[in-house]
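First the structure, in the form of structure tokens, and then the observations on it.
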Amino acid sequence: MDDQFADKDFEMENVDTATLGTGCFWCTEAIFQRLKGVAKVISGYSGGEKPNPTYEEVCNGTTGYAEVCQVLYDPTVLSFDELLKVFWETHDPTTLNRQGNDVGPQYRSVIFYHNAEQKQKAEAYKKELNASGAWPNPVVTSVEPYKNFYSAENYHQNYYNNNPRQMYCQYVIKPKLEKFEKVFKDKMK
């Protein structure tokens, strides 16, 4: 855990894992890195069949993989429910295979659940959001069983923190982070 957003007091025996996709993994990573209780966020690919896919293969949209982040967190500090709240509020879960200008199944809104409790909570939250009318359109987030995860290439890791002046970071990620930091200021590291 060598990045500046790693939780230095994190106890490995308290680790749990969430695998979440909100479109581009650069945005997802930057948000979840800033939450208290998160030890590490790894950008990668989940949901496809081919072992060790490359970014170029996933980008073609035919592999079944989604860009995701694997979030390692301490559930005694940050619950899965709280992770879900951040997940739902930091992207548009009503657009099928799309987030902003990123289009294709690799950018789908998805929760890859690791156990029955995660599945139940994700499905219940989705149902509640749809029933409440929180969004003008139905939530289309996919809730899928976790089957694999492959870490993305090194240049994708810690992307925003390493490239804050890059145009995508300035115009897409930075505004999302500013909104996130206002809404979740009590959950920030």
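One table, with the values for the structure above:
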| read-out | value |
| --- | --- |
| Conditions (1) surrounded by fewer than 21 Cβ atoms within 10 Å (Cβ to Cβ); (2) modelled with pLDDT of 95 or more; (3) in a loop (DSSP other than H, G, I, E, B): number failed by L78 | (1) |
| Restricting the range 81-100 to residues that are part of a loop (DSSP other than H, G, I, E, B) and of a type outside the set (S, T, N, Q), the residue that is nearest to the chain's Cα centre (by Cα) | H91 |
| Within the range 30-55, tally of residues that are surrounded by fewer than 20 Cβ atoms within 10 Å (Cβ to Cβ), within 18 Å of E144 (Cα to Cα) and not basic (K, R) | 2 |
| N154, sole failed condition from (1) within 18 Å of the chain's Cα centre (by Cα); (2) at pLDDT below 95; (3) exposed (fewer than 13 other Cβ atoms within 10 Å of the Cβ) | (2) |
| Close pairs from the range 165-177: first more than 14 Å from Q33 (Cα to Cα), partner open to solvent by 70 Å² or more (accessible area, probe 1.4 Å), Cβ under 9 Å, at least 6 apart | V172/N101 |
| Subset of the range 13-29 that is surrounded by 22 or more Cβ atoms within 10 Å (Cβ to Cβ) and aliphatic (A, V, I, L, M) - its residue that is farthest from G100 (Cα to Cα) | A18 |
| Residues of the range 29-53 satisfying the condition of being β-branched (V, I, T) and either without any contact (Cβ under 8 Å) to a residue 60 or more places away in the chain or part of a strand (DSSP E or B) (or both) | V38, V41, I42 |
| Matching residues, the range 97-127, being acidic (D, E) and at pLDDT below 95 | D102 |
| Neighbours by Cβ (under 7 Å, 6+ apart or cross-chain): first from the range 120-142, of a type in the set (K, R); second modelled with pLDDT of 95 or more and not in a loop (DSSP other than H, G, I, E, B) | K121/F80; K121/D81; K121/L84; K126/V143 |
| Failed criterion for A134 (all others in (1) modelled with pLDDT under 95; (2) closer than 16 Å to F25 by Cα; (3) over 14 Å from the mean Cα position of the chain (by Cα) hold) | (2) |
| Test: residue in the range 101-112 that is touching a Cys at 6+ places or on another chain (Cβ under 7 Å), open to solvent by less than 50 Å² (accessible area, probe 1.4 Å) and not in a strand (DSSP E or B) | yes |
| Residues located in the range 116-140, provided they are open to solvent by 70 Å² or more (accessible area, probe 1.4 Å), under 20 Å from F80 (Cβ atoms) and of a type in the set (A, V, I, L, M) | A116 |
| Hits in the range 56-69 - residues which are under 15 Å from G21 (Cα atoms) and either open to solvent by 20 Å² or more (accessible area, probe 1.4 Å) or at pLDDT below 95 (or both) | C59, G61, G64 |
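Residue by residue, here is whether (1) touching a Gly at 6+ places or on another chain (Cβ under 6 Å); (2) under 19 Å from I42 (Cα atoms); (3) assigned to a loop (DSSP other than H, G, I, E, B) holds:
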position: N148; (1), (2), (3): no, yes, yes
position: Y155; (1), (2), (3): no, yes, no
position: N161; (1), (2), (3): no, yes, no
position: R165; (1), (2), (3): no, no, yes
position: Q170; (1), (2), (3): no, no, no
position: I173; (1), (2), (3): no, yes, no
position: E178; (1), (2), (3): no, no, no
position: E181; (1), (2), (3): no, no, no
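The values are calculated or read from the model by the stated rules, or taken from the named source; none is laboratory data. The shown structure was predicted, so the numbers you read here are calculated from the model rather than taken from an experiment. Glycine also receives a Cβ, built like all others from the backbone with ideal geometry; neighbour counts cover every protein chain displayed. When the accessible area is computed, the model is the full protein with side chains, heavy atoms only, and any ligands, DNA or RNA have been set aside. Shrake-Rupley method; radii C 1.70, N 1.55, O 1.52, S 1.80 Å.
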